[in-house]
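The values are calculated or read from the model by the stated rules, or taken from the named source; none is laboratory data. Because the structure is predicted, anything quoted here is derived from the model rather than measured. Note that we place each Cβ from the backbone using ideal geometry, even for glycine, and neighbour counts take in every protein chain shown.
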Amino acid sequence: MQDSNAAQTTSGTGLQGQSRRRLNALGMDREAWAALLEELGEKPYRVEQILKWLHHRFVDDFADMTDISKKLRTELAERREIREPEIVSEHLSTDGTRKWLIRAAGGSAVEMVFIPEPNRGTLCVSSQVGCALDCKFCATGKQGFNSNLTAAEIVGQVRIAVQTLADAYPERERVVTNVVLMGMGEPLLNFDAVAPAVDLMMDDLGYGISKRRVTISTAGVVPGIYRLAERTDASLAISLHAPNDALRDELVPINRKYPIAELLKACRSYAGNLGEKRTVTVEYTLLNGVNDQPEHAAQMVELLRDFPCKINLIPFNPFPGSGFERPTVTSVRAFQHRLASAGLSVTVRTTRGEDIDAACGQLVGSVADRTRRQARYRRLASAS
Ligand code: SF4
């Protein structure tokens, strides 16, 4: 069993200056609870009771779990704590999109975004404080990297959103219908925390979200995709952003390690686990004059002609110092048309939350950068 909250057990791994903490119960999936309760000599059905208290009734204290014995409540409180991440700030866009800044260990903060639509609500959660991968068109990448979030900090974002949004949308039975791990960070480089967090999102004793509606998005960590296939059948999205290796090496540097052919092979393998009607999503950010030309569309058609997938085109969302521009509506439509007329399934993502910097690729949070990348980009931006 993986210790998904390991970062919280040892002072000096992201909690400098803070006292030693108990493991956070919010990141424990069924398997972890079953192991702990067995160790305590308790019956397996207690797992169900405890998970419901944590993720359906949102208690913050074991003492409130009134259908379990006082002895067990005390034992749990000695071994675990219930600590929801702290909300630093909340912003509401004119289009209804919400963005929260959430405190993470070590003094940093990450962002999460909720995008309401008439028939669904999508929560975009973060998996790391910053990101080590440095995709060239991504604001998070320019923040550098600090640390992994724990499973409790990842699933805690869903817990916060579900509670907060229930008041905002009283008419909806379920407000958060979809979760995408497309916020800050590369989820497959934080596998041991992401896997139990995803389990809890999909578990009926957790947040009960359909496996079709929980999506893990990767920039192309190929070994992580194979590992994921052994663990879950959640949906998978890949950030392609270029139709050939030469361009992708520049835009998504992890491509130098895991080129497109290897990535698509891993995706085919993953898709094989999903069943007939499910496919992988291919994300493609359109950058004006860089990857949005007719030849790029033609290369996409060649690349994906026999690869069952849904393509999601994302017109670039600018941020200061990015060095890229958003393509015109006409050129986005032309690119879409070229793919669609070749028989590919393709949609264009509507930009949401731009007035609060919550659009795709704009999330920055507050990252105590350990990579010096943030300072380098600031220097470049001020020089230009
Ligand atoms: S696009 Fe994703 S993987 Fe790439 S730098 Fe941004 S957060 Fe990291």
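Pick from region 95-139 the residues that are part of a loop (DSSP other than H, G, I, E, B) and away from the ligand (no atom under 16 Å from the Cβ): which of them is surrounded by the fewest Cβ atoms within 10 Å (Cβ to Cβ)?
That would be Pro118.
Taking Ala358 as the residue in question, decide whether it is touching a residue at least 12 places away in the same chain (Cβ under 8 Å) and under 26 Å from the mean Cα position of the chain (by Cα).
Criteria met by Ala358.
Checking Thr330 against (1) within 16 Å of the ligand (Cβ to nearest atom); (2) free of Cβ contacts under 8 Å to residues at least 60 places away in the same chain, which single condition isn't satisfied?
Condition (1) is where Thr330 drops out.
Only one residue in Ser217, Ser147 is of a type outside the set (Lys, Arg), under 28 Å from Ala375 (Cα atoms), at pLDDT below 95 and touching a strand residue (DSSP E or B) at 6+ places or on another chain (Cβ under 8 Å), so which one is that?
Checking each option against the conditions leaves just Ser147.
Of the numbered conditions (1) among the hydroxyl-bearing types (Ser, Thr, Tyr); (2) under 25 Å from Val367 (Cβ atoms); (3) part of a loop (DSSP other than H, G, I, E, B), Ser89 fails exactly one; give the number of that condition.
All conditions are met except number (3).
I'd like the full set of residues that are over 25 Å from Thr97 (Cβ atoms), surrounded by 24 or more Cβ atoms within 10 Å (Cβ to Cβ) and within 14 Å of the ligand (Cβ to nearest atom), limited to region 191-224.
Of everything in region 191-224, just one residue is over 25 Å from Thr97 (Cβ atoms), surrounded by 24 or more Cβ atoms within 10 Å (Cβ to Cβ) and within 14 Å of the ligand (Cβ to nearest atom), namely Gly220.
Looking at the structure I just gave you, is Asn244 within 16 Å of the ligand (Cβ to nearest atom), modelled with pLDDT of 95 or more and farther than 24 Å from Gly156 by Cα?
Taking the combined requirement at face value, the residue does not satisfy it.
Any residue in region 166-186 that's outside the structural domain of Thr150 (by TED's automatic domain parsing): show its pairings with residues that are within 12 Å of the ligand (Cβ to nearest atom) and among the β-branched types (Val, Ile, Thr) at Cβ separation under 6 Å, as long as the two are six or more apart or on different chains.
Correct list of pairs: empty, since none qualify.
Any residue at all in region 24-31 that's at pLDDT 95 or above, surrounded by fewer than 16 Cβ atoms within 10 Å (Cβ to Cβ) and within 24 Å of Lys71 (Cα to Cα)?
Step one: of region 24-31, the residues at pLDDT 95 or above are 24-31.
Cutting the leftovers down to surrounded by fewer than 16 Cβ atoms within 10 Å (Cβ to Cβ) gives us 31.
Subset that is within 24 Å of Lys71 (Cα to Cα): 31.
The answer is yes; a qualifying residue exists.
Under the condition of being among the small types (Gly, Ala, Ser) and within 19 Å of Arg21 (Cα to Cα), which residue from region 33-90 is farthest from the chain's Cα centre (by Cα)?
Across region 33-90, the extreme among qualifying residues is Ala63.
Is it the case that some residue within region 320-338 is in contact with a Cys (Cβ under 7 Å, 6 or more places away or on another chain) and in the same structural domain as Val180 (by TED's automatic domain parsing)? First the steps, then the outcome.
Taking region 320-338 as the starting set, the residues that turn out to be in contact with a Cys (Cβ under 7 Å, 6 or more places away or on another chain) are none.
No, region 320-338 has no match at all.
Residue check: is Val221 farther than 18 Å from Ile154 by Cα and in contact with a Pro (Cβ under 9 Å, 6 or more places away or on another chain)?
Spelling it out, Val221 is indeed farther than 18 Å from Ile154 by Cα and in contact with a Pro (Cβ under 9 Å, 6 or more places away or on another chain).
Which residue, of Leu181, Leu188, is within 14 Å of the ligand (Cβ to nearest atom), out of contact with any Pro (no Cβ under 7 Å at 6 or more places or on another chain) and either within 29 Å of Ala166 (Cα to Cα) or modelled with pLDDT of 95 or more (or both)?
After applying the criteria, what remains is Leu188.
Out of the residues in region 159-184 that are under 21 Å from Asp233 (Cα atoms) and surrounded by 18 or more Cβ atoms within 10 Å (Cβ to Cβ), state the one that is farthest from the chain's Cα centre (by Cα).
Here the answer is Val176.
Out of region 334-364, which residues are among the β-branched types (Val, Ile, Thr) and modelled with pLDDT of 95 or more? If you could, list the steps in order and put the result at the bottom.
As a first pass, look at region 334-364 and keep what is among the β-branched types (Val, Ile, Thr): 346-348, 350-351, 356, 364.
Scanning region 334-364 gives Val346, Thr347, Val348.
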